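Notes follow the structure.
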Amino acid sequence: MPNSFYITTPIYYVNGKPHIGHAYTTTAADAAARFQRAKGKQVFFQTGTDEHGQKVLEKARERGMEPMAHCDDMVVHWKEMMERLQISYDRFMRTTDPEHMKAVQGVLQMLHDRDLLYKQGYVGWYSPSAERFWTEKDLIDGKCPDTGQPVQKVEETNWFFKMSQYQQRLVDHIEANPGFIQPESRKNEVLGFLRQELGDLCISRPKARMSWGIEFPFDEDYVTYVWFDALLNYLTGIGYRPDGSTQHEAFWPADFQLIGKDILTTHAVYWTTMLMAMEVPLPKCIYAHGWWMSHDGRKMSKSLGNVIDVELLRRNFGLDATRYFLLREIAFGADGHFSYDGFLGRYNTDLANDLGNMAHRGLSMTSNWLGGTVPAYGASTGHEEALVALAGEKLKEFDAQMEGLQFHKALDAIMDVVRATNKYIDTTEPWALNKAGNVDALNTVMRTVLEVSYFATMALECVIPNKAAELFGKVGKTTEQARADLVAALHVGVDFQALEEGAAVEVGDPLFPRFRKQPEEIAELLEAAKAAEAAAKPAKKSKKKKKSKVKEPITFEDFSKLDLRVGEVLSGEKHPDADKLLVLKVSLGEEQPRQIVAGIASKFSVDDLVGRKVVVVANLAPATIRGVESQGMIMAAGGKEVVDLVAVDANVGEVVR
Ligand code: ME8
């Protein structure tokens with residue numbers, strides 16, 4: 001459908017409760033969905049839960065429950081999280097939904113009829129935590145390379161999907177459609193992965209070992225591999241049935257499929273080749289965002305226990321502030337760290353000082369000095385024209401960044417207008433105009449500030465829906481009117497003529513009061529933040545550090561011989577012959593990624609590093625380190641013990657000076 005917009009999140013495993021990572025993807029999808037709805041698109045937004053597979057079965061057993069009863073119980077937490085975050089999904093998909101299960105069986109039958117499935121004996125290492133097989137050489141210290149959790153050796157006959165025959169078609173599709181896998185670094189990662197020979201995909205589990213899944217329609221001894229089942233939710237949820245019906249075409253191909261970078265291969269390779277086999281078009285974009293990390297540089301996850309419960313943030317700072325923080329704090333695509341101080345800082349600057357303060361100043365001065373109604377413009381103070389122009393330009397930027405899911409930039413564009421308006425208030429000094437009885441100019445200043453307050457919240461409504469609605473009410477507008485005004489502003493430009501002259505304004509409480517709670521009032525939140533940090537950092541004996549002496553001075557000429565570049569870690573493995581070394585593939589934006597041996601294994605696993613931007617000494621002469629060639633050096637902080645990597649947030653290949 002030309003006016004449709006379909007956006008999905010991963011469906012989450014019900015082996016634990018939701019945390020900041022899940023809230024993040026879901027809030028991002030929600031903001032995009034709300035924005036597109038406001039723009040008049042026919043939106044379908046799907047999220048849900050992934051309920052089959054070994055991981056969920058084990059959790060149910062651990063709780064002494066039947067798997068279905070366990071899922072029903074856990075789903076309550078997920079739906080509650082979504083309700084609390086005001087997630088405006090159109091469908092909450094559960095893979096235990098009978099219609100979905102029937103459709104999955106239909107797809108299996110269809111692929112079987114097309115001779116795209118075969119049965120074969122197999123030996124592999126199964127990781128229940130990642131729900132996938134690995135070969136022995138993939139394992140790190142005998143554990144799952146993705147999650148670091150134990151694996152089980154499994155020898156059994158299984159059904160395979162002939163994934164390998166789609167390898168070249170997939171490479172061609174990725175190359176011909178630059179926006180298909182985003183961001184660019186993830187696209188390169190997938191292309192890198194596809195440079196090796198692609199195998200076929202094991203898509204069954206014998207019931208004798210694991211029965212919690214969808215039964216094969218043509219082999220009752222087997223159930224479907226959890227990923228094969230789960231990925232299909234994106235289609236079955238919008239009515240896809242493998243019987244030639246076309247209901248799903250109202251929304252398919254999806255505009256955006258949001259995922260975390262942890263599940264890139266399953267989406268960019270398994271899902272896309274499954275679609276090719278089903279003769280269904282590929283989604284327009286698979287967008288893999290980064291991770292919320294704890295301060296030791298590890299992904300926040302259920303298994304590490306270093307997660308923050310967003311509910312604590314919501315309860316202490318409010319829903320809108322929590323949603324704003326999630327989307328503003330880190331670039332969508334990059335990793336970011338959570339810290340309580342970071343949250344507080346963002347709240348107090350952007351929301352309390354900038355947006356909240358601007359609106360409150362406008363409303364209270366209008367109420368105190370102008371009888372509490374929206375004034376007509378008087379004479380110009382000479383500063384309004386620039387502000388209108390800035391707002392017009394920034395709204396366009398906001399629109400473009402929202403269309404590209406660059407939430408942090410979109411929000412910042414609107415905040416630029418807010419900050420400029422606070423400066424405008426300071427420059428025009430309405431208190432002085434009031435004192436001097438210059439009502440004409442005062443009217444102009446107040447009208448302008450009220451218009452910007454409305455303008456900013458109208459744009460930000462998709463992120464801060466409640467506070468926006470509160471502000472609309474204070475200037476005599478409804479949410480419906482604000483959405484219509486947003487569309488008008490996007491089409492014909494910004495003129496700061498949206499409010500109705502004479503409409504009553506209401507001051508009330510500031511939208512975002514400065515956060516002044518005492519530590520004892522937010523003890524629960526502080527404790528949780530501290531516990532997450534403690535889980536992140538294994539306790540170390542405190543050692544007194546000797547300060548290393550600064551070396552002999554070098555000249556600038558010596559220094560300028562160094563060619564330092566920004567690189568991104570694409571993949572890696574442990575050095576075959578040295579515990580402290582990792583062998584990493586690092587992209588410097590050159591044709592081929594570099595292989596770099598780095599002595600950082602005591603601090604980082606490969607999993608911690610993939611996707612991180614690092615500083616590389618690019619012109620260090622290649623050397624062979626314990627039998628492995630190294631083409632450069634990654635810069636790290638710390639003496640003998642590595643403390644952290646030298647990290648930058650810049651484009652791959654950029655020179656570091
Ligand atoms: O993988 N930072 O489910 P899951 C950012 N059922 N996002 C994070 C995160 C973090 N620290 N931790 C989790 C599964 N996420 C499968 C998906 S889809 C057909 C099947 C988010 O419960 C992120 O979106 O492990 C990630 O991809 C997802 O949660 C994984 O959720």
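Structure above, values below:
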{"quantity": "Charge dipole (the chain, unit charges on Cβ, about Cα centre) - positive-most of Ala637, Ala456, Gln149", "calculated": "Ala637"}
{"quantity": "Rg [Å, one decimal], Dmax [Å, integer] - the chain, C-alpha atoms", "calculated": "27.5, 90"}
{"quantity": "Peptide ranges 245-254, 514-523 listed from the most packed, as the mean C-beta count within 10 angstrom indicates", "calculated": "245-254, 514-523"}
{"quantity": "Cα centroid separation - region 142-158 against region 613-633, whole Å", "calculated": "32 Å"}
{"quantity": "For region 11-106: accessible area per residue (Å², 1.4 Å)", "calculated": "36 Å²"}
{"quantity": "Positive-pole candidate from Ala23, Phe35, Thr8, dipole of region 1-69, charges at beta carbon", "calculated": "Phe35"}
{"quantity": "Among Ala321, Pro206, Phe161 - extreme Cα towards positive end, dipole of the chain, charges at beta-carbon", "calculated": "Ala321"}
{"quantity": "Whole-percent carbon and sulfur share, accessible surface of region 435-486, 1.4 Å", "calculated": "50 percent"}
{"quantity": "Share, in percent, of DSSP beta bridges within the chain that are antiparallel, nearest 5", "calculated": "70 percent"}
{"quantity": "In region 341-436, the chymotrypsin sites (Phe, Trp or Tyr not before Pro) that fall in loop regions by DSSP, at most 12 other Cβ within 10 Å", "calculated": "none"}
{"quantity": "Debye, to nearest 20: dipole size of region 39-192, +1 on Lys, Arg Cβ, -1 on Asp, Glu Cβ", "calculated": "300 debye"}
{"quantity": "Sparsely packed GluC sites (Glu not before Pro) within region 172-210, loop by DSSP, other Cβ within 10 Å at most 12", "calculated": "Glu197"}
{"quantity": "All aspartates and glutamates inside 17 Å of Lys137 as judged from Cα atoms, apart from same-chain residues fewer than 8 positions distant", "calculated": "Asp146, Glu155, Glu197, Glu573, Asp577, Asp579, Asp607"}
{"quantity": "Cleavage-rule hits (trypsin sites (Lys or Arg not before Pro)) in region 103-203: DSSP loop, at most 11 neighbouring Cβ within 10 angstrom", "calculated": "Arg195"}
{"quantity": "Dimensionless Rg over Rh [region 189-304; C-alpha; Kirkwood]", "calculated": "1.01"}
{"quantity": "Kyte-Doolittle mean at least 0.0, axial Cα span of 24 Å or more - DSSP H helices of the chain", "calculated": "439-460"}
{"quantity": "More than 14 Å apart - percent of Cα-Cα pairs taken over region 543-621", "calculated": "69 percent"}
{"quantity": "Distance between region 165-222 and region 306-353 - C-alpha centres, whole angstrom", "calculated": "35 Å"}
{"quantity": "Rounded to the nearest 10 Å², the accessible area of Lys561 at probe 1.4 Å", "calculated": "130 Å²"}
{"quantity": "Accessible area in square angstrom per residue, region 408-497, 1.4 angstrom probe", "calculated": "36 Å²"}
{"quantity": "Electrostatic dipole magnitude of the chain [Cβ: Lys, Arg +1; Asp, Glu -1; Cα centre; debye, to 20]", "calculated": "2040 debye"}
{"quantity": "Lys pairs, region 555-657 - Cα-Cα below 17 angstrom, 8 or more residues apart or on other chains", "calculated": "7"}
{"quantity": "Equivalent-ellipsoid semi-axes of region 339-385, from the Cα gyration tensor, Å, largest first", "calculated": "31, 14, 6"}
{"quantity": "Relative contact order (%) - the chain, alpha-carbon pairs under 8 angstrom, separation at least six", "calculated": "12 percent"}
{"quantity": "Heavy atoms of Glu58 accessible to a 1.4 Å probe, total area in Å² rounded to 10", "calculated": "80 Å²"}
{"quantity": "Computed helical MRE - 222 nm, the chain, DSSP H runs ≥ 4 contributing -39500 (n - 2.57), nearest 500", "calculated": "-12000 deg cm²/dmol"}
{"quantity": "Kirkwood Rh, Cα atoms: Rg over Rh of region 244-301", "calculated": "1.14"}
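The values are calculated or read from the model by the stated rules, or taken from the named source; none is laboratory data. Keep in mind it's a predicted model, so treat the numbers as computed, not measured. With ideal geometry, Cβ positions are generated from the backbone for all residues, glycine too; neighbour counts draw on all protein chains shown. Accessible surface is based on the protein model in full, side chains and every heavy atom, while ligands, DNA and RNA are left aside. Shrake-Rupley method; radii C 1.70, N 1.55, O 1.52, S 1.80 Å.
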